[in-house]
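The values are calculated or read from the model by the stated rules, or taken from the named source; none is laboratory data. All figures in this text were calculated on a predicted structure; none of them were measured in a lab. Heads up, the Cβs are rebuilt from the backbone with ideal geometry, glycines too, and the neighbour counts pull from every protein chain shown. What goes into the accessible areas is simple: the full protein's heavy atoms, side chains included, and nothing from ligands, DNA or RNA. Shrake-Rupley method; radii C 1.70, N 1.55, O 1.52, S 1.80 Å.
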Amino acid sequence: MTASEKTPTVESPLRAIWDRAGMIIVLVLLFIVACVTVPNFMSGRNLIYSLGLSVTTTGIVACGMLFALAAGDFDLSVGSVAAFAGMLAAILLSKGMGVVPSVFLALFAGLLIGAINGFVIAVCGINALITTLATMQIVRGLAYIINDGNSIGIGDAGFAALGNSVPLGIPTPLWTFIFCLVIFGLLLHRTVYGRNSLAIGGNREAAHLAGVPTRKVQITIFALLSFLAALAGIVSAAQQQIGDPKTMQGLELRVISACVLGGVSLTGGIGSIAHVIVGVMIMGTVQNVMDLKGVSTFYQYLISGAILLAAVLLDRLKQRGTSR
Amino acid sequence: MPLLFDGIEKSFPGVRALGGVSFEAREGSVHALMGENGAGKSTLLKILSGAYRPDGGALVLDGKSLSYRNTQDALDAGIAVIYQELQLVPQLSVAENLFLGHMPTKLGWTDTKQLNAEAKRLLQLVGEDIRPETPIGRLPIAQRQMVEIAKALSRNAKVLAFDEPTSSLSSREVDRLFAVIKNLQAEGRIVLYVSHRMDEIFEICDAATVLRDGQHVQTFNSLPEITSDDLVRAMVGREVDTLNAYRDRPIGDTMLRVQDLEGPGLTEPANFEVKKGEIVGIFGLVGAGRTETLNLIAGTATARAGHVTVGDRSFKRLNPKTALKQGIGLCPEDRKKEGIVAIASVCDNINLGVRKSFIVHPKAERTYAQSRVEQLRVRTPSVEQKIGNLSGGNQQKAILGRVLGHNLRVLLLDEPTRGIDIGAKAEVHEIVRGLAENGVAVLVVSSEMPELLGLCDRILVMEGGRFRGELPHSQATQEKLLELALPTKS
């Protein structure tokens, strides 16, 4: 049987749109409903400061998690890395180091932790769950140890500007997120590195035989992801003007949720930057609406979980539609 | 009462897998289902087993139209399909596997005694004397297959469909299987038998239906009256004689030289060379070290000692990337596992590992992939099609297209036409001959002697991890190849 000799079946245009842009439609509908039913939702202040700022941490890390998921891995240590990087920057500042070197060192620490994760996973062949579960605890421990478990205030105005300045009417953290989206979007879709990441997730063995340096790609994926986690931690510390070892608990799960919600495959090989935008925005919008409506935190957990479950069920349904 | 396939239709997105297939399998007959890969046999079996639901048409058994929602319903209706990959849970015991889904119970607890006694009785029906408590993972494939048949009998199946049941059996095991199948036939059951092996079809089947491109071509109701040529003609839709067409071609200087190569799978250092434009075969039984030899040259396995020389550069150690840089391309044995990225597009697969600049230019990649697709006549609706949706032959051609992106000097082929239908096989052979004519040195591993005899200028024979001998095309015959490949008794 040869494909060209088969009669192609007609796919309904509605179905095609749904397959390609299902979650975008969900996001748009969600936005419309929120606009109509929630007062203040559409105000510029809410969109930029509440909604916009609330998604930056998750969003920045999600740009890196996208690559890990695309390559068939994931990383649980990002929350710890973010907290540790925030603490490290705060400590270095308090010791009198300048803003640039403190930030640089904290980012480098993130990169290094990620490279270690990647090395253990790609070269030693330990699975990502165990490896990053271990580093998640180790790095959280480090975050506590460097200042005896105490949080530390940041007085430096230059550093605080990373979190609180508003160039061109948009806060710096949001700019950072947008910048990450552009860079990592281009990296995934328009570079060999990105295509190779997806190929590794699709079939590692085949990619290796085809000449893709699979280990190198895997290690850099984890290094870049941890780098972004550190960046998110620093931005968040600058916003709060405090380094806090207890912060960012559960960030890894929020990030993975957002990616999967947007349509990135947990088994690897499928993912795009649009998935990240949509996933992060859906999560942020729901959160924002619940805040505006004054839904209690306890119920917010319930609703967030239900939405994630609904999203993966929807995805499953979609796949069944195409394979049977 | 017969089993009737009445106008079965099934489509997948973008492909029509079955376009109204109708035929009848009589009771007490062994009915062969034949066709090239992708002709629709597997889809038909999956519809029979309830794994797929047909878009149109009906299955009629005993005059009753069968409609089931899932595989359980199919089993209840008396239909059992025994797949190539056996559907057993390796950790569970033989008895537990037999009664999986309808375990005998006493007051809600599993009744182990009855379970094992029943299992023993069922196993005796297929002539097996296995302890029912044995974990099934410890049994050889042939016995697991018998357990599958016993499982079907435990459901009192009226229809048993076998999907390439002999692909991993020894000839003695095949004989036993055939004896059991003849028994099933004598009991008046309907047996459907999917296989590519002509000798088996003529030995065991008394009727045959041929499918091509999802269409019913012909049903032969009395097999002894026709020849295998009739079947092949029906399967291919044209005469095939290109398969054994050996062609001479000019041969140049040495391109690949393997010297004292040692590594996993080799028991003696390997020494041989392949010249420019030459096609050299490696024949041997499974486990003779053929794939391992290719892997050492392609850099997917690490050599312990020795050299691989390509052109004028000599290497002690290679990895896939450096090997490709030297123009050594490998088409691996297991296409699904090592060849393709199934969920990616044809375009992505052809460009994988070939990209030179860091920035990707989607348009240029598509144009490039398109040119390879046309050059190698890969049949695909577009280069954006998921490669996993193509037939095996077209996947293989796409992988060849990928390897061609690397200024190819040495082509390593590992079972290049395994699981590929006859028509595509001839095309792949033609591509390989064409490459050799353009000066590529080709080293091809195959278990199919006719393939090697039709392609190769020289055939090396391996046995037990060492090279046993070498036959030029003029002297190579199937008998001589086998003689060298069989282990010598000492």
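From the square roots a ≥ b ≥ c of the eigenvalues of the alpha-carbon gyration tensor of region A:227-324, which class results: rounded (a/c under 1.5), prolate (a/b over b/c), or oblate? Oblate, because a/c is 1.5 or more while a/b does not exceed b/c. Counting only alpha carbon atoms, the long axis of helix A:251-262 and the longest principal axis of chain A meet at about 30°. Just the protein heavy atoms count here, and of the accessible area of chain B at 1.4 Å, carbon and sulfur take up 48 percent. Bridge orientation summary for the protein assembly as shown: considering DSSP beta bridges with both residues in this region, about 60 percent are antiparallel. Simple point charges give the picture: +1 on the Cβ of Lys and Arg, -1 on the Cβ of Asp and Glu, and for chain B a dipole about the Cα centre of about 1640 debye.
Can you tell me how region A:45-323 classifies by the Cα gyration tensor, rounded, prolate or oblate, using a/c under 1.5 as the rounded cut? Show your work: numbers first, answer last.
Values: a/c = 1.71, a/b = 1.21, b/c = 1.41.
Note, shape of region A:45-323 comes out oblate.
Here's the list of aspartates and glutamates a cross-link from B:Lys113 could span, going by alpha-carbon distance under 14 Å and ignoring same-chain residues fewer than 8 apart: B:Glu96, B:Glu133.
Rolling a 1.4 Å probe over the protein heavy atoms gives chain A an accessible area of 45 Å² per residue.
Residues of region B:346-360 that bury at least 40 Å² of accessible area when the other protein chains are present, relative to the chain alone (probe 1.4 Å, heavy atoms, ligands and nucleic acids excluded): B:Leu352, B:Arg355, B:Phe358, B:Val360. Rolling a 1.4 Å probe over the protein chains gives B:Asp55 an accessible area of about 90 Å².
Quick one: dipole size for region A:50-198, taken about the Cα centre, charges +1 on Lys/Arg Cβ and -1 on Asp/Glu Cβ, in debye to the nearest 20. Provide the component values of the computation, followed by the final result.
Working: 4 positive and 4 negative charges, 43 e Å.
The dipole of region A:50-198 has a size of about 200 debye.
Where Lys and Arg each count +1 and Asp and Glu each count -1, what net charge lies around A:Leu76 among other residues with Cβ under 15 Å from its Cβ? Provide the component values of the computation, followed by the final result.
On the way: positive: A:Arg140, A:Arg254; negative: A:Asp73, A:Asp75, A:Glu252.
So the environment of A:Leu76 carries a net charge of -1.
The alpha carbon centroids of region B:285-322 and region B:199-223 are separated by 44 Å. For a quick check: with amide H placed at 1.01 Å from N, whose amide H comes under 5 Å from B:Ile282's, ignoring anything fewer than 5 positions away on the same chain? Hits under the 5 Å cutoff: B:Val444, B:Val445, B:Ser446, B:Leu460. Taking the centroid of alpha carbons for each part, region B:37-73 and region B:257-274 are 51 Å apart. Computed from Cα atoms, the angle from the helix A:128-145 axis to the main principal axis of chain A rounds to 20 degrees. Positive end of the dipole of the protein assembly as shown (Cβ unit charges, origin at the Cα centre): among A:Ala306, B:Leu100, B:Pro250, the Cα lying farthest that way belongs to A:Ala306.
Counting heavy atoms of the protein chains alone, B:His31 has an accessible area of about 0 Å² for a 1.4 Å probe.
If only the Cβ of Lys and Arg carry +1 and only the Cβ of Asp and Glu carry -1, the dipole of the protein assembly as shown around its Cα centre is close to 2000 debye. With equal scatterers on the alpha carbons only and no solvent term, can you work out the Debye log10 of I(q)/I(0) for region B:328-393 at 0.11 1/Å? Relative scattering, expressed as log10 I(q)/I(0), comes to -0.25. Amide H contacts under 5 Å for B:Gly439: B:Gly277, restricted to partners 5 or more places along the chain or on a different chain, H placed in the peptide plane at 1.01 Å from N. The residue list B:Leu285, A:Gly149, B:Val89 was ranked by how far each Cα lies along the charge dipole of the protein assembly as shown toward its positive end, using unit charges on Cβ atoms, and A:Gly149 comes out on top. Electrostatic bookkeeping for B:Thr309 treats Lys and Arg as +1 and Asp and Glu as -1; over the other residues with beta carbon under 14 Å from its beta carbon, the sum is +3.
With a 1.4 Å probe rolled over the protein heavy atoms of all chains, the accessible area of A:Cys63, A:Cys124 falls in the order A:Cys124, A:Cys63, largest first. What pairs in B:Lys10/B:Lys151; A:Lys216/B:Lys321; B:Lys321/B:Lys386 have C-alpha atoms more than 23 Å from each other? With Cα atoms farther than 23 Å apart: B:Lys10/B:Lys151; B:Lys321/B:Lys386. Region B:77-132 and region A:27-75 have their alpha-carbon centroids 53 Å apart. Listed by chain and number, the aspartates and glutamates placed with their C-alpha closer than 18 angstrom to that of A:Lys95 are A:Asp148, A:Asp156, A:Asp244; residues fewer than eight positions away on the same chain are left out.
Couplings 3J(HN,Hα) for region B:101-110, derived from phi with the Karplus relation 6.51 cos²θ - 1.76 cosθ + 1.60 (θ = phi - 60°), are x, 9, 5, x, 10, 10, 6, x, 9, 5 Hz, where x marks Gly and Pro. For B:Met255, the shell of other residues with beta-carbons less than 12 Å away shows a net charge of +1, using +1 for Lys and Arg and -1 for Asp and Glu.
For B:Leu66, the amide hydrogen comes within under 5 Å of the amide hydrogens of B:Leu59, B:Val60, B:Leu61, counting only partners 5 or more places away or on other chains and with H modelled in the peptide plane.
Of all aspartates and glutamates in the structure, those lying under 18 Å Cα to Cα from B:Lys337, and not within fewer than 8 positions of it along the same chain, are A:Glu205, B:Glu85, B:Glu292, B:Asp348, B:Asp414, B:Glu415.
Quick one: Kirkwood hydrodynamic radius for region B:3-236, alpha-carbon pairs, angstrom, one decimal? That comes to 18.4 Å for region B:3-236. For region B:384-465, the solvent-accessible area with a 1.4 angstrom probe is 23 square angstrom per residue. Across every pair of non-identical alpha carbons in the protein assembly as shown, the mean reciprocal distance, once inverted, gives a Kirkwood radius of 30.3 Å. Against chain B, whose longest principal axis comes from its Cα atoms, helix B:362-375 is set at around 80 degrees.
Backbone phi angles across region A:184-200, fed through the Karplus curve with coefficients 6.51, -1.76 and 1.60 (θ = phi - 60°), yield HN-Hα couplings of 6, x, 4, 4, 6, 8, 10, 10, 4, 4, x, 5, 5, 4, 5, 5, 4 Hz in residue order; Gly and Pro are listed as x. Each stretch of four or more DSSP H residues adds -39500 (n - 2.57); spread over every residue of chain B, this sum gives -9500 deg cm²/dmol at 222 nm. Each of A:Gly59, B:Pro362, A:Ala238 was scored by the projection of its Cα onto the charge dipole of the protein assembly as shown, and the greatest displacement toward the positive side belongs to A:Ala238; charges sit on the C-beta of Lys, Arg, Asp and Glu.
Summed for both chains, how many Å² of accessible area, to the nearest 100, are buried between B and A with a 1.4 Å probe?
3200 Å²
For region B:1-118, the ratio of Cα radius of gyration to the globular rule of thumb 2.2 N^0.38 Å stands at 1.28.
Sequentially through region B:464-472, phi angles give Karplus couplings (6.51, -1.76, 1.60; θ = phi - 60°) of x, x, 9, 8, 9, x, 8, 10, x Hz, Gly and Pro residues having no value and appearing as x.
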